[in-house]
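The values are calculated or read from the model by the stated rules, or taken from the named source; none is laboratory data. Keep in mind that what you see is a predicted model, and the values were worked out from it rather than measured. No Cβ is skipped: glycine too gets one built from the backbone with ideal geometry, and neighbour counts run over all protein chains shown. Surface areas here come from the heavy atoms of the whole protein model, side chains and all, with no ligands, DNA or RNA. Shrake-Rupley method; radii C 1.70, N 1.55, O 1.52, S 1.80 Å.
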Amino acid sequence: MDDKGSVGKISVSSDSVSTLNSEDFVLVSRLGDETPSSTNNGSDDEKTGLKVISEEGVSFKIVGNGSEQQLQKELEDVLMDPSVADTGLRSETGMESLGGSECGPLSTTGSPVPPGSDPLSAQPPKLEMVLPVQTAQESELNERSYRADESSSDGSPGSPIPDEDSVVFSQLTYLGCASVNAPRSEVEALRMMSILRGQCQLPLDVTLSVPGVSEGTVRLLDPNASTEIANYPIYKILFCVRGHDGTPESDCFAFTESHYNAEIFRIHVFRCQIQEAPAPLTPDSDLFTFTVSLEIREDDGKGTFSAVAKDKDKQSFKLRAGMDKKIVIFVQQTSNKELAIERCFGLLLSPGKNVKNSDMHLLDLESMGKSSDGKSYIITGSWNPNTPQFQPVNEETPKDKFMYMTTAVDLVITEVEEPVRFLLETRVRVCSPNDRLFWPFSKRNYTETFYLKLRQMERKERKSPASDTLYEVVSLESETEREKRKTTASPGIIPSGTTVPSPPEDDEEEDNDEPLLSGSGDVSKECAEKILETWGDLLTKWHMNLSVRPRQLPALVRSGIPEALRGEVWQLLAGCHNNDHQVEEYRTLITKESPQDSAITRDINRTFPAHDYFKDTGGDGQDSLYKICKAYSVYDEEIGYCQGQSFLAAVLLLHMPEEQAFSVLVKIMFDYGLRDLFKQNFEDLHCKFFQLERLMQEYIPDMYNHFLNVGLEAHMYASQWFLTLFTAKFPLYMVFHIIDLLLCEGISVIFNVALALLKTSKDDLIQTDFEGALKFFRVPVPKRYRSEENAKKLMELACSIKISQKKLKKFEKEYHTLREQQEQQEAPIERYERENRRLQEANMRLEQENDDLAHELVSSKIALRKDLDNAEEKADALNKELLLTKQKLVDSEDEKRRLEEESAQLKEMCRRELDKSESEIKKNGSIIGEYKQICSQLSERLEKQQTANKGELEKIRSKVEGCEKCSSLFNKEGRVRAAVTSASAGGTEETDEEKEDLKNQLREMELELAQTKLQLVEAECKIQDLEHHLGLALNEVQAAKKTWFNRTLSSIKTVTGTQGKETT
């Protein structure tokens, strides 16, 4: 295969590459010696014909309408389910696919696929009526057109019905199917049900078999021959709906399923002749379903309790010894009429499983009640693990070992007679308090579904006729117990003396034609202590300077990063150690709508179906995966969501939370150049194919020549290697190691792994033809590396292959040079057509952007108009408020003037009163002064008179004592003796008169003194009255709150008080 030939094949490559979920057929250029198909429309169509090779080796031709069709289909790399190959052959015979079966079209409202066009690229009709039957001629045509493999035909249409635990619905009529855009919309389902019921002219009597297990298959049976017409796996059925009572569709029911071929959703509608027959599809009226979730929280040392980590693979909680914990139970009813949870009267815990009630230990309840949204009932209890009864779950468990823990919650439900106990058995691992938690752990709750069967009680059976209890408990069973019961019941069917065949070994599985499911393989977290110590020292040094990678890092990465450390190391290698802004951006992105939502939803169910974390529809894994893919499609508007992207996102999710996984995905797409492969009509991807072929020519020339001889090109087997980074089909151990090398050394590692794969498979591939080589790449190659030893050898070989960047740059230049030469040699018309198509696509894209901008402009105008209206309303309100404020200001000024006038009047009045008070004070002061003067004069006069009287008395006494005659008349005290009283009466008359005069004068003086004191008291009363009036005036002035008047009154009061003190 020379260089020009290689580029020649690349030049007619597709403008787009479709990567689905399995590589069941590929499209290749038709060989020159092939006979043109009978459906060709002229020589131009002959040149652009394509050949399809199925996995059975049968080929058929799809003829395109010129180079555009060829560009669309030549590079398709299909990753669909294994049954797609058969479907492709059946569609060539003109039969319509019905969820995995053939059925002749009854009537269609859309346009049929034109001859010569690709059925896969044709737009499906919006509404089509399909009956799941096939005629004898079609059956004969099918037998001639493809070779059926007996080992893979189980469950195909027309095969005997396998025995399984299922419910059979008879006397049904199949009304047909139609395409729907919203498979989970009840409104659209009811609308399509009404249309199909009204348009159906040829109904078909069928029997429907619905399995009792989630892994089963819904089967459509012929009631007469008891043969299978069609089958639909449960995991592909998305939604069930029944016609509403009182409508013509009340006797109908339908379900929607993911139709694998056209990548659309279909609804199948049935009518029941017996109205009660569809009843088993609705929940039992006495069966109530509850989901009970358990969350364990530990003291994080910061005063709060954080949820503990849970191992994603083993579904076990990781506890730390000696730390205080809390148990949080979430109870939510999911079916039937709502029962009112009154309270929780017990939260119990015990180590182990299958624990007796007597061995359960009661926890202290902290809180109970409904959640903020009212959907769940939340119970929180505190758990001290240091108590003796919890000692087994407080001791460190050996590495990779776990133990069981049982939690029970007793609830009182208003309508139920007795309390209901929900029992949860969970795995736990106890580690050291200093252990680090790596990203393989997630902080998810453990959730269990419970089925509570109740029996309605008669009124006489109730304890009290007026009580609220309506039911008694018949049974309570968890989903786990149901699964155990089914698995333990199935071995009983096997007759005695027979043995159950063991599962096939790896070598046996490699021989079958089923491809390896994505997400297969277990990855052990075990690692030698020496390796962990080496990585621990490296991470410690790396964290000191995150901008520089340690020197020994590449050598350690080539040996493989320990599984327990991968999440942390991947983030450091990608440079996501400081990505808080991207985490916040992610939380915003997941709230926005994605234009590729339907494609994302469709691919999520097909991503890693072999892994427990992603296999459950609507589970935690699929939910996180959907959010990451949706966020990236909104984040990268140019590329959006690309098929195959979900596999890479799933690999990252297994090692870190979704926020960090999104950040690493963005880094891989942008910084590592993965998104460049999807740009410019996959131009960079074609360049990678050319580089790979040139490397094969240099490193494996014999294989290169063999592929050249059989016409096998790189894009036919290596497209998913580059677009999904080997994550779609290979075992997880190998995938994780490839991501290790990719993040450390770049996207060129894909060439090393591809060459290693080709080298190890060279002996087998050289012996195959074109079809055998394609099948070998699809099935045996991925299965070969399920064992860890084989994968290690492959990665060692890949690391030993030295591919210089200089050499890759040289091949890239060769590719671009040859492309330019070919474009120059290309016919002008073809070149102009291609350029016209490119410009048309650019024009459509710009028109779409213009529409988006116009929509955004209209939305912004509406928002601005709304804001303007709000602003005008606000301005009017403010104007009204301003007018009111102005009016209040005018009133306040008038009030101010009035108060000023009143205060002036009050000031004048106070001055007058003050002058009057001063004059009164002066007058009273003069009166008091005169009174004091009179009193002092009278006191002096009295003292003088008393002194004179004493002197005269002393003289008289001396004279009396000197006279003998007189001394006999008086005693020593100066009093007259009684005997001589009468005799001396006449002599003392003159003395008594003088005494009386003196007494009269004294009385007059005392009277004058009393009058003066009275006048003084009256003056003091007047002063107090004036001071009272003055105080009232001061209070009125203070009420007016005029500072200048306060100062004036204060000064007046000060002066008045000073004068009062001076006068007193």
For the stretch 404-417, give me each residue that is open to solvent by less than 10 Å² (accessible area, probe 1.4 Å) and farther than 17 Å from Phe330 by Cβ.
Met405, Thr406, Val416
Criterion violated by Gln333 - all others in (1) open to solvent by less than 50 Å² (accessible area, probe 1.4 Å); (2) at pLDDT below 85; (3) polar (S, T, N, Q) satisfied
(2)
Condition met for Phe317 (aromatic (Phe, Trp, Tyr) and crowded, with 16+ Cβ neighbours inside 10 Å)
yes
Boolean, Arg912 is over 30 Å from Ser1050 (Cβ atoms) and either modelled with pLDDT of 85 or more or among the charged types (D, E, K, R) (or both):
no
Among the strands (runs of 3 or more DSSP E) contained in the stretch 418-480, which hold 2 or more residues that are closer than 16 Å to Phe330 by Cβ and either open to solvent by 50 Å² or more (accessible area, probe 1.4 Å) or at pLDDT 85 or above (or both)?
420-431, 446-456
Can you find, within the stretch 576-592, the residue that is most open to solvent (accessible area, probe 1.4 Å) among those that are within 22 Å of Gly618 (Cβ to Cβ) and in contact (Cβ under 8 Å) with a residue 12 or more places away in the chain?
Arg587
Name the pairs whose Cβ atoms lie under 9 Å apart, with the first residue in the stretch 528-547 and within 19 Å of Gly560 (Cα to Cα) and in contact (Cβ under 8 Å) with a residue 12 or more places away in the chain, the second open to solvent by less than 50 Å² (accessible area, probe 1.4 Å) and not in a helix (DSSP H, G or I), and 6 or more positions between them or separate chains?
Ile531/Pro562; Leu532/Pro562; Trp535/Cys527; Trp535/Ile561; Trp535/Pro562; Leu538/Pro550; Leu539/Pro550; Trp542/Pro550
Keeping to the stretch 182-222, report how many residues are surrounded by fewer than 15 Cβ atoms within 10 Å (Cβ to Cβ), more than 14 Å from Phe270 (Cα to Cα) and touching a strand residue (DSSP E or B) at 6+ places or on another chain (Cβ under 7 Å).
3
Scan the stretch 540-589 residue by residue and report those that are part of a helix (DSSP H, G or I) and among the basic types (Lys, Arg).
Lys541, Arg558, Arg566, Arg587
Against the condition farther than 25 Å from Glu849 by Cα, open to solvent by 30 Å² or more (accessible area, probe 1.4 Å) and in contact (Cβ under 8 Å) with a residue 40 or more places away in the chain, how does Ala650 come out, does it pass?
no
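Okay, residues lined up against (1) of a type in the set (Lys, Arg); (2) within 14 Å of Glu1036 (Cβ to Cβ); (3) open to solvent by less than 70 Å² (accessible area, probe 1.4 Å); (4) touching a Leu at 6+ places or on another chain (Cβ under 8 Å):
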residue: Glu881; (1), (2), (3), (4): no, no, no, no
residue: Lys888; (1), (2), (3), (4): yes, no, no, no
residue: Glu893; (1), (2), (3), (4): no, no, no, no
residue: Lys896; (1), (2), (3), (4): yes, no, no, no
residue: Ala904; (1), (2), (3), (4): no, yes, yes, no
residue: Cys910; (1), (2), (3), (4): no, yes, yes, yes
residue: Glu913; (1), (2), (3), (4): no, yes, no, yes
residue: Ser919; (1), (2), (3), (4): no, no, yes, no
Taking only the stretch 607-655 into account, find how many residues are closer than 24 Å to Ala564 by Cβ, outside any helix (DSSP H, G or I) and of a type outside the set (Ser, Thr, Tyr).
9
Give me the pairs, please: first residue somewhere in the stretch 340-368 and within 21 Å of Glu395 (Cβ to Cβ), second residue anywhere and open to solvent by less than 100 Å² (accessible area, probe 1.4 Å) and of a type in the set (Val, Ile, Thr), beta-carbon distance under 7 Å, and either six or more positions apart or on two chains.
Leu349/Ile327; Leu349/Thr407; Ser350/Thr406; Pro351/Val393; Gly352/Thr406; Lys353/Thr406; Val355/Thr406; Leu363/Ile327
Could you please let me know if Ser358 is assigned to a helix (DSSP H, G or I) and open to solvent by 30 Å² or more (accessible area, probe 1.4 Å)?
yes
Looking at this structure, is Tyr704 closer than 30 Å to Leu653 by Cα and either in contact with a His (Cβ under 6 Å, 6 or more places away or on another chain) or assigned to a helix (DSSP H, G or I) (or both)?
no
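Residue-by-condition table, conditions (1) over 60 Å from the mean Cα position of the chain (by Cα); (2) farther than 30 Å from Ser903 by Cβ; (3) at pLDDT 70 or above; (4) not small (Gly, Ala, Ser):
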{"position": "Asn949", "(1), (2), (3), (4)": "yes, yes, yes, yes"}
{"position": "Gly974", "(1), (2), (3), (4)": "yes, yes, no, no"}
{"position": "Glu994", "(1), (2), (3), (4)": "yes, yes, yes, yes"}
{"position": "Gln1011", "(1), (2), (3), (4)": "yes, yes, yes, yes"}
{"position": "His1028", "(1), (2), (3), (4)": "yes, no, yes, yes"}
{"position": "Thr1043", "(1), (2), (3), (4)": "yes, no, no, yes"}
{"position": "Asn1046", "(1), (2), (3), (4)": "yes, no, no, yes"}
{"position": "Lys1053", "(1), (2), (3), (4)": "yes, no, yes, yes"}
{"position": "Gln1059", "(1), (2), (3), (4)": "yes, no, no, yes"}
All but one of (1) open to solvent by 60 Å² or more (accessible area, probe 1.4 Å); (2) among the polar types (S, T, N, Q); (3) in contact with a strand residue (DSSP E or B) (Cβ under 6 Å, 6 or more places away or on another chain) hold for Asn386, so report the exception by its number.
(3)
Entirely in the stretch 725-813, the helices (runs of 4 or more DSSP H) that have 3 or more residues that are buried (at least 16 other Cβ atoms within 10 Å of the Cβ) and touching a helix residue (DSSP H, G or I) at 6+ places or on another chain (Cβ under 7 Å):
732-745, 749-760, 770-778, 780-783, 788-800
Failed condition for Gln571, given (1) surrounded by fewer than 18 Cβ atoms within 10 Å (Cβ to Cβ); (2) over 18 Å from the mean Cα position of the chain (by Cα)
(1)
I need a count of the residues in the stretch 677-703 that are under 13 Å from Leu758 (Cβ atoms), open to solvent by less than 10 Å² (accessible area, probe 1.4 Å) and among the aromatic types (Phe, Trp, Tyr).
0
Residue, surrounded by the most Cβ atoms within 10 Å (Cβ to Cβ), within the stretch 394-403, restricted to residues that are more than 31 Å from the chain's Cα centre (by Cα) and touching a residue at least 40 places away in the same chain (Cβ under 8 Å):
Asn394
